[in-house]
Amino acid sequence: MLKGQVIPVTALKQNCSIIWCDQTMEGALVDPGGDVDVLLRAVAKIGITLVKILITHGHADHAGGAMDIADKFNLPVIGPHKADDFWLEGIEKTAAMYGMPGARNCVPTTWLCGGETIMLGESELQVEHCPGHTPGHVVFLCKADNLAFVGDVLFQGSIGRTDFPQGNHQDLLDSIKFKLWPYGNDMTFVPGHGALSTFGVERQTNPHVADAILG
């Protein structure tokens, strides 16, 4: 079974998820944007062995701490889609604007395209390419445990911004409707910021992407 703990990091309170397979205790960090010492203390307290870092998209608050952790433990950095390379190359510049000291530009070990399966111990994560907020945004979903890590695609009661460079509002709506909703209403998701919710609740109540809005 996939287990998880959410720790908000950086001044932007970005939800970094520590996830692990409870059978093998192999773990990963999803979007370690910063506050590396806080994250590593939490990992040590849980008692898992980090084996990889997963990145949903290239914004500084999601990927700014990835390289420090990857270098320290010799971990692969997996994701996002290569279309976000320009964001990853500009993390240090962006972080300076938003007051996130120590953030580093990120160089993934593996780019994702969507459709891949990532193993974490005995748990499987499906990858979906969900552009809109950024062109290379990906989402990680564990179908067996109805748990998804959606970055800044979808929030409780809201959706991701699309006014950044290469953002696209229609792409975001299509990503949510055609890539996320098919996983079912019971899927709980961890957004990039704020409280957890389920796809079913958002399909009923979200003023941007409810079924009554999208059709």
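Values in this text are rule-based calculations from the coordinates and carry no lab data. Here the structure is a predicted model, which is why all the values come from computation and not from measurement. So basically every Cβ, Gly included, is an ideal-geometry build from the backbone, and we count neighbours across all protein chains shown.
Worth a mention:
- Computed on the stretch 2-214, with alpha-carbon pairs under 8 angstrom and 6+ residues apart, the relative contact order is 16 percent.
- Given Lys13/Lys143; Lys82/Lys179; Lys93/Lys179, the pairs whose alpha carbons are separated by over 21 Å: Lys13/Lys143; Lys93/Lys179
- Those lysines that a straight Cα-Cα span of less than 21 Å connects to Lys72, excepting residues fewer than 8 apart in one chain: Lys45, Lys52
- Net charge of the neighbourhood of Ala70, taken over other residues with C-beta under 11 Å away and scored Lys/Arg +1, Asp/Glu -1, is +1.
- Normalised by residue count, the chain yields a Cα convex hull volume of 101 Å³ per residue.
- Residue exposure proxy: Ile48, Ile69, Ile53, ordered by other Cβ atoms within 10 angstrom of their Cβ from fewest to most, comes out as Ile69, Ile48, Ile53.
- Local electrostatic count, Met100, Cβ distance below 10 Å [Lys/Arg +1, Asp/Glu -1]: -3
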